[in-house]
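To start, the structure itself, in structure tokens.
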Amino acid sequence: MDEIIINESFADDNVDMLFDKVEKNDFSSQEMLSLKVSAEEINKKNEINELISWDVVKKNLEYHFAYQKEGALKILKDFNCTALLADEVGLGKTITTGIVLKECIMRGFTKKILILTPPSLVDQWVAELKEKFELDFTIIESDKDWKNTNFAIASIDRVKAYNREIGEFRHKDAHDIQWDLLVVDEAHKLKSRTTTRWRFVDKIKKKRFLILTATPFQNDLLELYNLLHILKRGHLGTVQEFRKNFLNRGNKRYPLNPYELKRKLNQLMVRRKRSETKINYTKRIPKVVPVDLTKPEMEVYEEMCDLIKKQYFSASGNEINGKLAVYAILPKITSSIASAKESLTNMINNEKYHEKTKDRAQRILNAYNNLKTDSKINKLLDIVQDNFTNIPDSKMLIYTKHPTTLRYIAEQLRPLGLKVIEFVGGLDREEKTKRILEFKNSAEIMISTETGCEGLNFQFCNSLINYDLPWNPMSVEQRIGRLDRIGQKRDMNIYSLATKGTMEEHVVDLIINKMCCVGLVIGELPIILFNLGLDGYSEKGVNKIEERLMNSFIDSKNNLEMFSSEVDKIAELIDEGIEAYREENNYNQELLDEI
């Protein structure tokens, strides 16, 4: 047998070139010809022309659109799952990606999959993949979780931690695994090669690599280069070649040779515009509802605030960290009377507190028990009664942060003769499905905590009430996002209760009117906060904006004028971020869509 010398490319020749070589006998050996023919036959058999997973997937998708299916097929067929999915915000990149994952698994292409997302989206990804694609992904919480995990999902900010003293990543085990497919959501966060985030992702061994972002670059085309460089080495040449071929020294955002750059992008990119999908997008209509407290209500509220800032001591007599008290207790006070009373009762019965603290807590609890009016719950009842009087067939989704408040609201609503569904964390899948169907088919109201509704969609409902409001804007955005999904046919009424004369009315105005209901499409706020450096969490594990608001409240010593001044500063920063994002989005559209 002749020695086989492999000096032919199996991938680059087309069929015509192959037969031309056969006619000329232009091969190093007969064995090489046989291998070549076999390779072509295998390649043809593996060619993907349809989705074998579609019948399985579509039964779980209440709304599915041709562009999602077509995008997944293009990623699989044309790019072998190494691609940039750059659909405009609001088109459901998660669905397109889920179709790709399901197809790869059913075809046997992938046994090891890793998804990296921003921290705020981890639970939503897990829920969507479970509910819509019947895929179970394990959340990576510690560096020990990588072992024996085939389908993993992790917060990129959590796993990128780097120990400079020993010169290695804490989650280095992720780099020892050969992943069949890596998915990175919100991939515009990989715009700089100098960050630990970029270096962590770059070290991951992956056969296929899918990155998701609607805005591949912000201020400089080098950000686009860095993103595509980590996706596919050498696609845009070296950085020196990219500078020479595409960078316009007078304008970092608009390239030299734009048509050539667009051609190179199209070799890796799938992008669709909202205007191409013929989907009607509805509006969020914010309705901040002021709540006027009675004099006794205001007095007991101020007593409670004074307690946690001035007389909050441990049994040893040491003052308990005021910030921790505000973070832990203040949201419960502003949630409801029931929640405030529960917090006071726990304080009174807990041995860790000083007797003077417990005595003060008992006096405040007595004052709560003597209240004749609950102005906040009365305002909620007014909204509900008015809504169902004027729109008898409507549905309402009510959110609260606390299970105690949820149960209290349900007790107050049931005498109205409305069917109320309670939805909390800890329900199994069967019970969740049952309650969602009840809400859709027969109940008028669902009351939920955030943990209850992660990843679920309620396009059939267009009225939402924030009974209490998280100071984390992304939590509020996720609440509204349960209604504001593809398939929503009506404008959405977003009611948010705000107690007048307290810091709550300033926070509600900031988060609702200036962040979550200012004409942004779902998915745009996280990009804006990232650009401003306000996304994610502080070292204490608290959302950065939430921490800033809490600290401002503490520093103001309940002086609302001081507090509102700081809120105004945050609002101005957000306004600047929104304007910069809109300008950035125009540049992305000009480069990606209009050239």
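Only the coordinates and a few stated rules stand behind these numbers; no lab work does. All values derive from a computational prediction rather than experimental measurement. Methodologically, a virtual Cβ is constructed for each residue, glycine included, from the backbone with ideal geometry; neighbour enumeration extends over all protein chains shown.
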Could I have the simple spin-label model distance between residue 349 and residue 316, label points 7 Å from Cα toward Cβ, reported in nm to one decimal? 2.6
Amide H proximity to residue 248 below 5 Å, modelled H, separation 5+ or other chain, gives 256
Using alpha-carbon pairs under 8 Å, 6+ residues apart, how would you state the relative contact order of the chain in percent? 13
Quick one: which residues, 5 or more positions from residue 492 or on another chain, have an amide H under 5 Å from its amide H? H modelled 1.01 Å from N in the peptide plane, none for Pro or chain starts. 283, 284, 285
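Provide the packing ranking of 91-98, 457-464, i.e. peptides ordered by the mean count of other C-beta atoms within 10 Å per residue, highest first.
Details: 91-98: 23.8, 457-464: 20.6.
Top of the packing list down: 91-98, 457-464.
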So if R0 is 41 Å, what FRET efficiency would residue 262 and residue 575 give, r being the distance between their Cβ atoms, rounded to the nearest 0.05? 0.80
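If the convex hull of the alpha-carbon atoms of the chain is projected onto planes in all directions, what is the mean projected area in square nanometres? Mind showing how you got there, number by number?
Working: hull surface 133.8 nm².
Average of the hull's projected areas for the chain equals 33.4 nm².
Once fully extended, how much extra length lies between residue 390 and residue 283, figured as 0.36 nm per residue of separation less the alpha-carbon to alpha-carbon distance? Please report the intermediate quantities before stating the final value.
Details: separation 107, 0.36 × 107 = 38.52 nm, distance 2.02 nm.
Full extension of this stretch gives 36.5 nm more.
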Simple label model, 7 Å out from Cα along Cβ direction - residue 551 to residue 49, nm: 6.1
Suppose R0 equals 22 Å. What FRET efficiency, 1/(1 + (r/R0)^6) with r the Cβ-Cβ distance, do residue 205 and residue 254 give to the nearest 0.05? 0.05
Pop a pseudo-label 7 angstrom from the Cα along the beta-carbon direction at both residue 373 and residue 130 and give the gap in nm to one decimal. 4.4
Note to self, the chain gives a 222 nm [θ] from helices alone (DSSP H runs n ≥ 4, -39500 (n - 2.57) apiece, / all residues, nearest 500) of -14000 deg cm²/dmol
Spatial separation of Cα centroids for segment 161-231 and segment 287-311, in angstrom: 47
Given an 8 Å cut-off on Cα distances and at least 6 residues of separation, report the relative contact order of segment 106-158 as a percent. 49
Given H placed 1.01 Å from N in the peptide plane, which residues other than close sequence neighbours of residue 151 have an amide H under 5 Å from its amide H? 113, 138
Acute angle (nearest 10 degrees) that the helix 337-348 long axis makes with the longest principal axis of the chain, alpha-carbon atoms: 80
Note the full-extension length gain between residue 243 and residue 298 as 0.36 nm times their separation in residues minus their Cα-Cα distance, in nm to one decimal. 13.5 nm
Helix 429-441 vs. the chain, principal-axis angle (Cα, 0 to 90°, nearest 10): 70
Applying the Karplus parametrisation 6.51 cos²θ - 1.76 cosθ + 1.60 with θ = phi - 60° to the phi angles of segment 95-112, what ³J(HN,Hα) value in whole Hz is obtained for each residue in order, glycine and proline being reported as x? 5, 4, 5, x, 5, 4, 4, 4, 5, 4, 5, 5, 7, x, 6, 10, 10, 10
